[in-house]
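J.: I am attaching a structure below and will ask some questions about it afterwards.
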């Protein structure tokens with residue numbers, strides 16, 4: 001894949017991120033940071049300009065699609081855009097309109113996209129039932145926070161590590177939608193940590209906590225996707241892996257580390273009575289992220305072993321909670 005092709009696919013992913021027009025200032029700033037970070041790592045100096053062009057609507061899907069002449073690259077661009085639109089829940093009307101225009105610009109018809117659309121929709125549906133969307137008023141009463149015994153720290157650490165290993169393994173799978181399962185698994189992890197401390201959480205509270213820690217859902221997926229694309233792994237359109245295990249290391253390390261650090265922050269937050277400020281949450285997460293990245297190489301054999309056991313049915317079952 002050429003540099004221009006990489007830029008076009010990144011442009012389409014960024015256009016998808018802003019398709020619903022609902023990103024707040026914090027999420028836009030996080031996406032800008034990612035663009036700068038990816039530009040520095042890959043030597044792609046004009047990536048921040050691409051971000052500005054997207055944000056200010058100085059480019060379009062038609063312009064980005066022109067550089068993608070190979071069917072596999074067009075398919076990959078579409079799949080990544082669907083994942084970006086789906087990563088924070090069901091598609092909005094604006095996102096569906098954007099994807100329809102993208103499909104036309106990429107000259108893709110139903111035969112090329114139907115199977116992937118069904119897989120991505122199924123994952124979104126399963127993720128929405130994995131953790132309650134809202135809780136009954138009784139479940140959120142203050143008494144609920146004192147009803148559980150003090151959880152075993154060793155058991156929580158083991159659970160956090162298992163989630164981190166799983167999310168690292170998801171990055172090794174050839175299916176383009178597999179990385180979408182990372183965030184639902186993080187939501188399930190935080191839900192379990194809160195429940196272990198006697199706090200019942202719904203999806204809204206969990207997503208607010210994850211965002212407060214500085215882990216935006218759209219921006220996290222964009223960073224995972226961007227690092228894999230620039231590292232040579234992506235090109236895995238329609239389930240065909242073009243990259244190798246070595247190329248996967250960056251995305252795998254990012255998902256492993258983000259999940260592990262997020263779990264450790266959640267453990268401290270709920271054990272401490274939920275009194276940490278947003279600034280403290282973000283500082284704690286950033287301080288844990290570096291050491292977590294160093295841990296990934298230690299657990300590489302377990303991540304590889306877990307990836308070898310995963311398929312679509314197992315992923316759906318784990319997201320659902322089965």
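J.: Does residue 2 meet the test of being more than 21 Å from residue 114 (Cα to Cα) and at pLDDT 90 or above? Steps first, answer last, please.
T.: On the way: more than 21 Å from residue 114 (Cα to Cα): yes; at pLDDT 90 or above: no.
Answer is no for this residue.
Per-residue answers, yes or no, for (1) part of a loop (DSSP other than H, G, I, E, B); (2) more than 30 Å from residue 153 (Cβ to Cβ); (3) under 18 Å from the mean Cα position of the chain (by Cα); (4) at pLDDT below 70:
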position	(1), (2), (3), (4)
225	no, yes, yes, no
229	no, yes, yes, no
246	no, yes, no, yes
258	no, no, yes, no
267	no, no, no, no
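J.: Could I ask something else about it? In the stretch 61-85, which residues are surrounded by 15 or more Cβ atoms within 10 Å (Cβ to Cβ) and assigned to a loop (DSSP other than H, G, I, E, B)?
T.: 67, 68 - these are the residues of the stretch 61-85 that are surrounded by 15 or more Cβ atoms within 10 Å (Cβ to Cβ) and assigned to a loop (DSSP other than H, G, I, E, B).
J.: Restricting attention to the stretch 22-47, which residues are within 17 Å of the chain's Cα centre (by Cα), at pLDDT below 75 and surrounded by fewer than 17 Cβ atoms within 10 Å (Cβ to Cβ)?
T.: 26
J.: I want to confirm something. Restricting to the stretch 262-272 and keeping residues that are in contact (Cβ under 8 Å) with a residue 24 or more places away in the chain and over 11 Å from residue 163 (Cα atoms), which single residue is surrounded by the fewest Cβ atoms within 10 Å (Cβ to Cβ)?
T.: Pass one, the stretch 262-272, residues in contact (Cβ under 8 Å) with a residue 24 or more places away in the chain: 262-267, 269-271.
Filter again for over 11 Å from residue 163 (Cα atoms), leaving 264-267, 269-271.
Values: 264: 23, 265: 29, 266: 28, 267: 22, 269: 23, 270: 23, 271: 15.
It comes out as 271.
J.: Does at least one position in the stretch 52-60 carry a residue that is under 23 Å from the mean Cα position of the chain (by Cα), buried (at least 21 other Cβ atoms within 10 Å of the Cβ), within 30 Å of residue 115 (Cα to Cα) and not assigned by TED's automatic domain parsing to the domain that holds residue 185? Reasoning before the result, please.
T.: Step one: filter the stretch 52-60 for residues under 23 Å from the mean Cα position of the chain (by Cα), giving 52, 54-55.
Applying the additional criterion that residues be buried (at least 21 other Cβ atoms within 10 Å of the Cβ) yields 54.
In the following step, the residues that additionally are within 30 Å of residue 115 (Cα to Cα) were identified as 54.
Pick out the ones that are also not assigned by TED's automatic domain parsing to the domain that holds residue 185 and you get 54.
Yes, the stretch 52-60 contains at least one residue that is under 23 Å from the mean Cα position of the chain (by Cα), buried (at least 21 other Cβ atoms within 10 Å of the Cβ), within 30 Å of residue 115 (Cα to Cα) and not assigned by TED's automatic domain parsing to the domain that holds residue 185.
J.: Over 23 Å from residue 191 (Cβ atoms) and in contact with a helix residue (DSSP H, G or I) (Cβ under 8 Å, 6 or more places away or on another chain): which single residue out of 298, 264, 304, 294 fits that description? Break it down stepwise before answering.
T.: On the way: 298 fails: in contact with a helix residue (DSSP H, G or I) (Cβ under 8 Å, 6 or more places away or on another chain); 264 fails: over 23 Å from residue 191 (Cβ atoms); 294 fails: in contact with a helix residue (DSSP H, G or I) (Cβ under 8 Å, 6 or more places away or on another chain).
Step by step, each of 298, 264, 304, 294 is checked, and only 304 is over 23 Å from residue 191 (Cβ atoms) and in contact with a helix residue (DSSP H, G or I) (Cβ under 8 Å, 6 or more places away or on another chain).
J.: In the stretch 276-297, how many are exposed (fewer than 15 other Cβ atoms within 10 Å of the Cβ), at pLDDT 90 or above and not in a helix (DSSP H, G or I)?
T.: Residues meeting the conditions: 1.
The values are calculated or read from the model by the stated rules, or taken from the named source; none is laboratory data. Predicted, not measured: the structure shown is a model, and the values here were computed from it. Here Cβ is always computed from backbone atoms with ideal geometry, including for glycine, and neighbour counts include all displayed protein chains.
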